[in-house]
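The next block holds one structure in the form of structure tokens; read it before the comments.
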Amino acid sequence: MSHRIHNFSAGPGALPLPVLQQAQRDMTDFQGSGMSIMESSHRWPLYDQVHNEAIADISTLLGLSDDFQLLFMGGGARAQFALVPMNLLAGGSAAYVTTGRWAQGALSEGSKVGGATEIYSSAASNHDHVPQPSELSVDGDAAYLHYTSNNTVYGTQFHHLPEAGDVPLVCDMSSDILSRVIDVDRFALIYAGAQKNMGPSGVTCVIVRRDMLERCPDAIPETFNYRKMAAKNSLLNTPPVFPIYMVGLVAKHLLSLGGLEAVQAVNEHKAELLYRTIDNSGGFFRGHAREDSRSRMNVTFRLPSSELEAEFVANSEAVDMRGLKGHSSVGGLRASIYNSVPLGSVKLLVSFMEDFQASRG
Ligand code: PMP
């Protein structure tokens with residue numbers, strides 16, 4: 001087998017090895033077609049099957065009912081920061097929960113498009129937590145409530161759904177979609193860039209409750225319009241064929257592992273190993289996130305000095321671990337432990353942390 005690193009990147013992140021190997025086998029002759037899937041017209045049955053199976057398999061994983069439609073779009077999650085308000089504001093004003101850099105980005109794009117009100121911010125404590133249910137008060141007239149389920153940069157995550165009453169709930173799930181079981185029926189719209197838990201970059205998944213499509217104004221460009229994309233099953237224009245094919249392979253792989261319940265159990269175990277190491281370090285490692293808000297996807301922590309942090313990163317790279325340097329707005333270290341980061345890589349990181357503390361603590 002070729003050389004593989006222990007990949008703790010915040011995204012694009014690790015992909016499952018069996019998926020990469022399947023893609024390699026398919027590369028020049030996909031299913032006996034004599035071509036790669038990238039060379040197939042998106043109007044041919046060969047691609048149609050890939051497209052529809054990817055949709056069906058993600059729908060099975062998430063337990064999507066017929067009330068929802070899954071779209072594949074371009075432009076990354078950041079395009080959705082603008083497309084959500086363009087499609088769903090309908091002249092109203094939306095409520096935003098600002099729990100980090102990406103949530104702030106969504107609010108900022110929302111206010112360019114129309115009415116966007118920040119109803120909660122964790123900025124004063126450098127986004128070390130998410131609000132508890134009692135802390136949010138949502139105006140019943142809001143067009144929707146937008147929040148970010150997992151804050152990739154700060155390492156915080158919602159472990160409950162915000163209470164929005166009858167206000168449609170919209171969520172940026174870019175960094176924790178398919179990592180745990182969720183009750184999709186509670187949402188009006190979910191979006192996520194694929195490149196952390198779902199596949200490579202280049203495609204964004206939008207899951208929209210069909211009744212929301214009535215809000216989408218005709219005046220916006222067609223490829224931005226959820227209703228028009230939905231009517232064409234995301235084939236209004238040429239879709240990102242190869243990323244969608246990869247997302248389909250990842251979905252099949254997750255199903256073969258036992259679906260999201262099984263995936264969630266492993267993810268909880270991985271996160272617990274790292275947080276336990278932080279908590280048992282007597283203050284040598286200090287977690288950024290408040291305990292009730294700890295992310296199971298991005299574990300953020302500091303060491304006693306920035307010199308030690310730099311040494312930690314350099315030494316980790318010497319033993320084939322990558323991506324542990326934290327984002328500049330938090331500093332310190334960040335271990336991103338998405339679905340496809342093996343338990344073995346996390347165990348290796350734990351013993352690396354223990355050894356580092358024993359020699360420097
Ligand atoms: N939202 C979240 C939660 C993210 O983590 C990211 C990327 N790290 C984005 C949005 C932006 O995604 P993209 O680069 O696909 O636009």
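The values are calculated or read from the model by the stated rules, or taken from the named source; none is laboratory data. The structure presented is a predicted model; accordingly, all values stated were derived computationally and were not measured. Don't worry about glycine lacking a Cβ; one is built from the backbone with ideal geometry, like all the others, and counts go over all protein chains shown. Ligands, DNA and RNA are excluded from the accessible area calculation, which covers all protein heavy atoms including side chains. Shrake-Rupley method; radii C 1.70, N 1.55, O 1.52, S 1.80 Å.
A few notes on this one:
- Applying a threshold of 9 Å to beta carbon distances and a minimum spacing of six or more residues, or different chains, the list of pairs starting in the range 184-207 at a residue that is at positive phi and ending at one that is within 12 Å of the ligand (Cβ to nearest atom) and assigned to a helix (DSSP H, G or I) reads GLY199/PRO243; GLY202/GLY76; GLY202/PRO243.
- Members of the range 254-271 found to be open to solvent by 40 Å² or more (accessible area, probe 1.4 Å) and part of a helix (DSSP H, G or I), listed by number: LEU255, SER256, GLU261, GLN264, ALA265, VAL266, GLU268, HIS269
- Residues located in the range 54-82, provided they are open to solvent by 10 Å² or more (accessible area, probe 1.4 Å), within 16 Å of the ligand (Cβ to nearest atom) and under 22 Å from PHE242 (Cβ atoms): GLY74, GLY75, GLY76, ALA77, ARG78, ALA79
- Residue within the range 230-237 that is under 13 Å from ASN87 (Cα atoms) and modelled with pLDDT of 95 or more present: yes
- Residue match in the range 305-325 (condition: of a type in the set (A, V, I, L, M, F, W, C) and touching a Gly at 6+ places or on another chain (Cβ under 6 Å)): no
- Residue in the range 101-115 that is crowded, with 20+ Cβ neighbours inside 10 Å, under 17 Å from the mean Cα position of the chain (by Cα) and not in a helix (DSSP H, G or I) present: no
- Given (1) assigned to a loop (DSSP other than H, G, I, E, B); (2) within 16 Å of the ligand (Cβ to nearest atom); (3) open to solvent by less than 10 Å² (accessible area, probe 1.4 Å), index of the condition ILE244 fails: (1)
- Per-region count, the range 272-324, residues in a helix (DSSP H, G or I) and either surrounded by 13 or more Cβ atoms within 10 Å (Cβ to Cβ) or among the acidic types (Asp, Glu) (or both): 19
- Only one of the listed residues (ALA23, ALA14) is touching a strand residue (DSSP E or B) at 6+ places or on another chain (Cβ under 9 Å) and either open to solvent by less than 40 Å² (accessible area, probe 1.4 Å) or part of a helix (DSSP H, G or I) (or both). That residue is ALA14.
- Residue satisfying all of: in the range 52-70; assigned to a helix (DSSP H, G or I) and among the small types (Gly, Ala, Ser); nearest to SER234 (Cα to Cα) among these: ALA54
- Of the candidates VAL247, VAL299, VAL266, VAL241, the single residue that is closer than 30 Å to GLU135 by Cα and β-branched (Val, Ile, Thr) is VAL299.
- Residue check, HIS127 open to solvent by less than 10 Å² (accessible area, probe 1.4 Å), within 16 Å of the ligand (Cβ to nearest atom), in contact (Cβ under 8 Å) with a residue 24 or more places away in the chain and on the phi > 0 side of the Ramachandran plot: yes
- Taking every residue in the range 224-238 that is at negative phi and aromatic (Phe, Trp, Tyr) and pairing it with any residue that is crowded, with 16+ Cβ neighbours inside 10 Å and not in a helix (DSSP H, G or I), at least 6 positions away or on another chain, the pairs with Cβ-Cβ distances below 8 Å are TYR226/LEU71; TYR226/VAL206; TYR226/VAL208; TYR226/CYS216.
- Residue that is in contact (Cβ under 8 Å) with a residue 12 or more places away in the chain and over 23 Å from the mean Cα position of the chain (by Cα), where the choices are SER9, SER41, SER33, SER2: SER33
- Selection within the range 97-117 - away from the ligand (no atom under 13 Å from the Cβ) and closer than 18 Å to ARG78 by Cβ: GLY110, SER111, LYS112, VAL113, GLY114, ALA116
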